[in-house]
Amino acid sequence: MTALHPADTPRTTSGSADLLQRRYSVLGPNTPMFYVDDPLQIVSASGVQITGSDGRTYLDAYNNVAHVGHCHPRVIEAVTRALSTVNVHSRYLTDTPIAYAEALLALFPESLDRMFFTNSGSEANDLALRLARFHTGNSGILISDHSYHGNTQALMAVTTGLTMSEPIGKHVRTFTAPDLRGSTISLDEAFAQLDAAIADLEQSGHGLSAVLFDPLFSTEGLPDLPEEYIAGLCARVRAAGGIVICDEVQSGFGRTADHMWGFQATHFDPDLVVLGKPMGNGFPLGAVIAPAGIVEPFSAANTYFNTFATTPAAAAAGHAVLDVMESEGLMQRAQQASVLFEKGFRELVDGDERLTGVRGTGMFLGMQFVDAATGAPDGATAKTIVDAMRTNGVLIGRIGRNDEVLKIRPPLAFGVEDVPVALDAFDKSLRSVRR
Ligand SMILES: Cc1ncc(COP(=O)(O)O)c(C=O)c1O
């Protein structure tokens with residue numbers, strides 16, 4: 001993500017240009033912003049549509065936070081009801097958070113029977129690392145070499161996918177997710193790298209507390225993992241006395257269409273699960289899901305509470321998301337839409353030597369741009385396509401080591417009727433960029 005400097009001249013309408021200057025004045029010029037060259041001022045949103053101050057309506061193929069659709073009336077109604085009835089903090093007994101926790105835990109394997117509410121994915125990952133350290137008595141952490149899990153001090157020590165002035169922690173070792181399409185390392189190399197990292201943590205006296213990863217490796221650019229990889233990773237971590245933390249902030253709540261959770265789609269059993277982004281449909285909400293065997297001893301030794309995280313309003317938002325997913329059959333819709341979506345993209349990119357095919361699964365797809373002659377990642381063309389998609393009325397983003405992978409991760413409410421609109425925009429955008 002590049003930030004725009006005030007000296008640059010964005011192609012905004014005059015109202016947006018003023019707003020941008022005001023943003024610089026209060027937030028500074030380097031806060032990350034999408035579409036920095038031609039800022040998009042958003043004035044309203046509904047379902048999978050976003051309306052800009054330019055008067056245009058865009059199809060949202062990016063935002064997983066508005067999971068059941070922007071401004072969903074049932075979420076608004078549930079939160080409004082809670083706010084107008086009682087919204088006290090988490091140290092009072094109220095029924096809404098308990099009913100929500102029961103409904104949410106029912107969606108996990110039986111062994112994951114406890115949860116902590118948080119206000120964000122960062123807070124949840126921070127707490128998960130703390131739980132791991134307490135449970136194992138070790139401090140070492142394994143993290144992928146191009147990842148992001150949040151913005152707290154503890155998470156800065158494991159941030160490898162964003163620019164940070166701080167180096168990674170002395171208790172942290174990195175690993176590379178192998179990619180069957182050849183852009184990283186082989187499976188054997190990947191396992192050898194893990195073995196070496198774990199041995200190094202043991203020799204340095206840290207030991208291994210946990211591996212933390214996103215089951216789809218989203219920030220890494222949705223690599224096409226060899227089937228045995230995640231099982232091998234988890235087995236190595238457990239043999240060394242560590243636990244497995246699954247970050248479902250991007251992959252959770254039906255994102256993969258066939259499964260509620262990314263760990264189900266990628267076939268492993270995590271010890272802790274971290275939730276965030278889509279959980280409250282825009283109301284800040286996160287969680288750590290854990291077994292009683294980890295939670296009870298931790299809670300006996302540590303008073304953990306979180307003022308806002310378990311309010312009735314937050315729980316009402318979360319519960320409404322689950323209800324809407326169920327009553328509107330959003331996972332079934334996503335299954336239908338994702339089949340057409342993936343097929344359509346495949347048809348458009350097949351034979352195009354600038355692309356390495358379609359990555360990802362369900363309603364999280366990615367397409368990697370490479371230099372046709374050298375095979376080198378081509379972030380510049382990916383950026384041109386993201387901008388062209390916006391011109392053609394569809395919002396998407398970019399991920400990957402060089403921001404060279406298109407990130408297509410719409411609200412789950414995105415249906416079969418939206419697929420041709422997005423595909424048509426992609427077709428036009430691809431054609432508009434010369435080979
Ligand atoms: C995989 C993953 N984990 C955690 C986070 C942090 O979540 P939050 O911004 O809610 O703190 C993010 C945010 O982008 C993320 O993508």
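Things worth noting here:
- Set of region 60-86 residues, backbone N closer than 13 Å to the point 7 Å along the Cα-Cβ line of residue 106: none
- Remark: the residue 238-residue 180 segment gains 18.4 nm on full extension, using 0.36 nm per residue and subtracting the alpha carbon distance.
- Cα-derived Rg over Rh, computed across region 304-435 with Rh taken as Kirkwood radius: 1.09
- GNM flexibility winner over the chain from 148, 100, 304 (Cα, springs under 10 Å): 304
- Sorted into 5 angstrom bins from 0, the C-alpha pair distances of region 75-186 split as 2, 9, 13, 16, 15, 14, 12, 10, 6, 2, 1, 0 percent.
- Where labels lie 7 Å past Cα in the beta-carbon direction, separation of residue 65 and residue 353 in nm: 4.2
- Kirkwood-type hydrodynamic radius, the chain: 22.6 Å, calculated from all non-identical alpha-carbon pairs.
- Added length on full extension, which subtracts the Cα-Cα distance from 0.36 nm per residue, residue 336 to residue 203: 42.8 nm
- When a 1.4 Å probe is rolled over the protein heavy atoms, the share of accessible surface on the chain that falls to carbon and sulfur comes to 52 percent.
- Dipole magnitude of the chain, debye to nearest 20 (Cβ charges: Lys/Arg +1, Asp/Glu -1, about Cα centre): 940
- R0 of 25 Å, Cβ-Cβ distance residue 130-residue 308: FRET efficiency to nearest 0.05: 0.85
- Global geometry of region 68-113, whether rounded, prolate or oblate, following the gyration tensor of its Cα atoms and the 1.5 cut on a/c: oblate
- Residue-count net charge about residue 360 - beta-carbon cut-off 11 Å; Lys, Arg +1, Asp, Glu -1: +2
- GNM flexibility winner over the chain from 97, 167, 291 (Cα, springs under 10 Å): 167
- Distance between modelled label sites at residue 268 and residue 19, nm, 7 Å Cα→Cβ extension: 4.2
- Long-range amide H partners of residue 407 with built H, under 5 Å: 397, 398, 399
- Set of lysines with alpha-carbon distance to residue 428 below 27 Å, sequence-local pairs under 8 removed: 343, 383, 407
- Selection from 312, 210, 324 lying farthest towards where the dipole of region 73-327 points positive, charges on Cβ: 312
- Built amide H within the under 5 Å cut-off of residue 208, gap 5+: 140
- Segments 347-359, 208-220 sorted - mean Cβ within 10 Å per residue, highest first: 208-220, 347-359
- Label zone (residue 387, point 7 Å along Cα-to-C-beta; backbone nitrogen cut-off 20 Å) within region 13-36: 13-14, 16-18, 20-21, 30-36.
- Ratio Rg/Rh, restricted to region 73-327 and using Cα atoms, in which Rh is the Kirkwood radius: 0.98
- Estimated FRET transfer efficiency (residue 373, residue 93; beta-carbon r; R0 56 Å; 0.05): 0.30
- One Cα centroid belongs to region 117-152, the other to region 34-66; the line between them spans 32 Å.
- What separates the Cα centres of region 79-112 and region 310-330 is a distance of 10 Å.
- Couplings 3J(HN,Hα) for region 87-103, derived from phi with the Karplus relation 6.51 cos²θ - 1.76 cosθ + 1.60 (θ = phi - 60°), are 9, 8, 7, 6, 8, 9, 8, 10, 7, 4, x, 5, 4, 5, 4, 4, 5 Hz, where x marks Gly and Pro.
The values are calculated or read from the model by the stated rules, or taken from the named source; none is laboratory data. Since the structure is predicted, the reported quantities are computational estimates derived from the model, not experimental observations. Heads up, the Cβs are rebuilt from the backbone with ideal geometry, glycines too, and the neighbour counts pull from every protein chain shown. With ligands, DNA and RNA removed, areas are computed over all heavy atoms of the protein, side chains included. Shrake-Rupley method; radii C 1.70, N 1.55, O 1.52, S 1.80 Å.
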